[in-house]
1. What ³J(HN,Hα) values, in whole Hz, does the Karplus curve 6.51 cos²θ - 1.76 cosθ + 1.60 give for region 300-310 when θ = phi - 60°, with x put for Gly and Pro?
2. If you put +1 on each Lys and Arg Cβ and -1 on each Asp and Glu Cβ, how big is the dipole of the chain around its Cα centre, in Debye rounded to 20?
3. Per residue of region 103-113, what does 6.51 cos²θ - 1.76 cosθ + 1.60 with θ = phi - 60° give for ³J(HN,Hα)? Whole Hz please, x for Gly and Pro, Karplus curve as stated.
4. If r is the Cβ-Cβ distance from L204 to S294 and R0 is 41 Å, what FRET efficiency results, to the nearest 0.05?
5. At a Förster radius of 22 Å, what calculated FRET efficiency corresponds to the Cβ-Cβ distance of R243 and S171, to the nearest 0.05?
6. Quick one: which residues, 5+ away or cross-chain, put their amide H under 5 Å from the amide H of S123? H built at 1.01 Å from N.
7. Please identify the GluC sites (Glu not before Pro) of region 36-139 that satisfy two criteria: DSSP loop assignment and at most 15 other Cβ atoms within 10 Å. Which are they?
8. How big is the dipole moment of region 278-343 about its Cα centre under a simple scheme where the beta carbon of each Lys and Arg is +1, that of each Asp and Glu is -1, and everything else is neutral? Debye, nearest 20, please.
Amino acid sequence: MAFLVAVGARRAASRLASLPRAPLRLAGAGLPYVRHFSRDSWETTDDVDLDSVAYGFMASQALFSGLEIGVFDKVAAAGEGGCNIEALEKACGVDGPRLKTLLTALTAVKCLRRSEDGLYKLSPNTAKFMVSGSKQYYGDYLQYQIGRQFYHRMGALPEVMKSGKAPSYASWFSDPEVAKTYTQAQHNGSVATAKYLVKKKLQLGGISDMLDVGGGSGAFSYVFTEATPGLKSTVLELPEVCRTGESIKTQQSQDIQDRVNFVELDATSPDWPVSDSSFDIVLMSYISGSVPESVILPLYKNAFKALRPGGRLLVHDFMVNDSLDGPALGALWGLQHVTVNAQGLGLCPAEVIQRMGQAGFDTPKCETFEMIQGMTKLIVAHKTA
């Protein structure tokens with residue numbers, strides 16, 4: 001449900017261990033590239049770097065602005081020799097001293113490198129991840145989902161903390177443009193996450209029916225059906241998200257189009273338009289942290305009803321460790337969700353597994369996997385055969 005969100009995250013994150021960018025494409029010929037997020041000031045020091053935390057938003061906007069006006073693509077197009085400011089002014093359509101100020105900021109935070117004769121080049125990470133022609137690009141995720149959507153929502157956090165009031169994802173995505181921007185930006189990151197999941201974490205086996213709850217663009221469904229001959233998937237999603245998902249579905253092979261079906265539904269509804277004991281897998285990616293805490297258990301109960309005996313519930317989401325002291329990016333993503341889900345629960349494996357057990361799943365058999373390193377985890381629950 002467009003409770004989709006990561007990384008990818010393309011992206012979205014630990015460069016996906018799989019993405020919110022995100023989200024990516026494939027690195028080389030094998031598995032999706034696995035990028036590990038780390039902030040030494042958060043994870044390895046004993047005290048907070050207050051200035052880095054307080055002023056970090058300025059660096060974020062410098063990066064987003066560079067993406068918005070095409071700085072990184074333009075520098076990349078100039079080749080190994082680099083690009084001077086006059087050429088960038090013309091290529092980006094920006095004149096005046098403000099462009100130089102932006103380039104200086106991007107150089108200071110290591111996105112760019114500037115030679116003594118004034119030529120700008122990309123840093124290795126910028127060239128790999130922020131240039132649209134790169135296979136590992138996830139700049140669109142950062143530009144559209146993080147920069148244009150979540151960044152502004154985070155500005156409301158102090159008021160949400162005081163009032164306990166925030167728009168729900170359902171109301172947020174009732175705006176067609178918001179739903180479209182979010183879903184498209186998330187798609188590639190979710191594809192990479194799904195590919196990593198089926199190649200490295202999960203044996204799908206001979207399953208025939210899948211329920212993708214809040215499946216956004218259908219990214220997981222496309223990957224799972226492609227990897228499993230004969231598998232059919234039903235995607236439950238909000239109406240406006242379904243429209244974008246149907247558009248993205250037309251880009252898939254005809255075989256995949258025939259085996260993936262979108263059904264309009266707010267997954268928080270107490271009744272799902274599916275039959276009991278009809279599915280081998282129920283997937284919830286970025287759902288549990290995007291709904292009010294009181295809805296999580298009913299979601300898992302609905303999943304239990306929908307599964308055949310021996311079926312599995314897959315919960316993938318931003319989570320911290322059970323010790324509740326990190327990792328930082330998992331914690332910050334949980335906090336971001338508060339701005340559109342004021343009554344939501346910051347997730348950790350213990351909280352998820354407890355509710356799985358209350359819904360009827362066999363808790364001793366629950367399995368926890370790291371997915372996007374430092375950001376998301378996957379928990380697999382089993383319905384007794």
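1. 5, 5, 5, 5, 4, 5, 6, 7, 6, x, x
2. 660
3. Those phi angles translate into 4, 4, 5, 5, 6, 5, 8, 6, 6, 10, 10 Hz.
4. 0.80
5. The computed FRET efficiency comes out at 0.85.
6. L112, R113
7. E80, E116
8. Here region 278-343 has a charge dipole of around 360 debye.
Bear in mind these aren't lab numbers, they're just calculated from the coordinates by the rules spelled out. Worth saying up front: this structure is predicted, and the values here are computed from it rather than measured. We place every Cβ from the backbone using ideal geometry, glycine too, and count neighbours over all the protein chains shown.
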